[in-house]
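**Q** First the structure, then my questions, so here it is.
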Amino acid sequence: MFKSGATCPVIEGRVVAMSLEQGLVDLAIVSLIAALTPILAGLLSRLRVPQVVILILGGILVGPQGLGWADPSGLELVTNVGLGFLFLLAGYELELGLFRARPGRLAIESWLVTALAAIVVTGVLAAVGLVHAFVPVAIGLTTTALGTLLPILRDNRMLEGRFGEFIMAAGAVGEFLPIVAVAIFLSANGAFLGLVSLVLIAGIALLFTFVPRLLRYNKIAAIMSEGEHATSQTTLRWTIFLLFALLVVAANFGLDVVLGAFLAGVVLRRWAPGDVNALEGKLDAVGYGFFIPVFFVASGMSLDLRSIAEAPARLVGFFILFIAVRGLPALLFYRRDLPRRERLQMMFLTATGLPLLVALAKIGIDSGTMLPENAAALVGAGVLSVMVFPAIAIALNRSRAPELVRSADVES
């Protein structure tokens, strides 16, 4: 009845229906974890557990290597959108003026020292046969997960004042420059074409900054303004289009989509028409309300626990290298600008990494250059850094509060 090798349309339809049903089940489970997370965080407030940690642990619990209730493969598209939103909001928070001031200069100098240390350390690991994927591992040691840290820093009011300027600059450099390194050295088209592609996508992103000039036409400006807070949500829709447009452009140029997302956030700060503060609140609602939690839960679900259990020393090694290679330079470079307690906070916060580590591990596995156990250990160490380092920084921040209160009482 059917030709050899042909697939029955009825069977195909059933497979699609089953896949859709399982995807909905996966989304329902992830949504429940996301909804329970703030409640659990509130109940565990004395333990100072960041919500990101609960999301990741929830993913591990329900994932294939936990209870097996959900599969990350059915959430791939939503997970990638969540990763995009994470970097979009990180780019949106970035004040480019910081790089003309001392915080930006110190952040770049510190990162360059980190990059040099990462090259030396990874070279030694490669020489003794512990690392095969030199470039992904070296880049991974230089990252800072600013997008991951933002909700933690906001919730604990650590973005205010002088310290906020320094951590934002250090986080932005630690997130953006490794993305640039990925675009150049790990591009599917080679280093030279990767650099050319990077310049082209930056130029395309720059063109988007001229969009507001087109809105000077009174009729269009009026339509945009009237629909900003109505059901049409004009600015939010155009913002989401900007995100997806740059994601598509980045992917078509053979670059990692996180570059497009970060540039979209940077552009958006200049591009967004209307009430910028209201738009930021809407982006927070869409991103942190749904897409970003899905990314973190899926990251936990995708964690290869078996490979980590077989070689736990690799995870511990990467975890230590994060603080040694990425964190320690903060103690040196900020000694004239920040007190010791805040330098320690900088050390732990800048050593926190995860989203880009996931991308680097995937690139290494897909290219066949990274050992599976190293990929699992790198991502696992990133998860552990998110669990441990911000918690220590928060503890240092809260222990400083009584000192500030006493100081204010003395001054009054």
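Taken together, the values in this text are just the output of simple stated rules run on the coordinates, not laboratory data. As the structure is a computational prediction, the values presented were derived from the model and not from experiment. In this analysis, Cβ positions are derived from the backbone assuming ideal geometry, glycine residues included, and neighbour counts consider all displayed protein chains.
**Q** Using each residue's phi in region 37-51, evaluate 6.51 cos²θ - 1.76 cosθ + 1.60 at θ = phi - 60° and report the 3J(HN,Hα) Karplus result to the nearest Hz, with x for Gly and Pro.
**A** Along region 37-51, the couplings run 4, x, 5, 5, 4, x, 5, 9, 4, 5, 7, 6, 8, x, 4 Hz.
**Q** Give the peptides 340-347, 170-177, 99-106 in descending order of average Cβ contacts within 10 Å, highest first.
**A** Numbers: 340-347: 19.6, 170-177: 25.0, 99-106: 16.5.
Packing order, densest peptide first, comes out as 170-177, 340-347, 99-106.
**Q** Still on this structure: Below 13 angstrom from the Cβ of GLU310, what's the summed charge of the other residues (Lys, Arg +1; Asp, Glu -1)? Walk me through the intermediate numbers first.
**A** On the way: positive: ARG306, ARG314; negative: ASP304, GLU373.
Net of charged neighbours comes to 0.
**Q** Have a look at region 29-400 and give its Rg and Dmax from the Cα atoms, expressed in angstrom.
**A** 20.1, 67
**Q** Ok, one more. Order of 373-381, 43-51 by packing, highest average Cβ count within 10 Å first? Could you put the intermediate results ahead of the total?
**A** Numbers: 373-381: 24.6, 43-51: 13.3.
The packing order, highest mean first, is 373-381, 43-51.
**Q** Still on this model: Could you please report the charge total around GLY59, scoring K, R as +1 and D, E as -1 over all other residues with beta-carbon less than 15 angstrom from its beta-carbon?
**A** On the way: positive: none; negative: ASP26, ASP71, GLU76, ASP304.
Within the 15 Å Cβ shell, the charges total -4.
**Q** Quickly rank 116-122, 148-154 as a protection proxy: mean count of other C-beta atoms within 10 Å, highest first. Don't skip to the answer; put the middle values down first.
**A** On the way: 116-122: 17.6, 148-154: 22.1.
The most tightly packed comes first, giving 148-154, 116-122.
**Q** Can you compute the label reach from GLN22? Point 7 Å from Cα along the Cβ direction, backbone N cut-off under 16 Å, restricted to region 281-297.
**A** No residues fall inside that zone.
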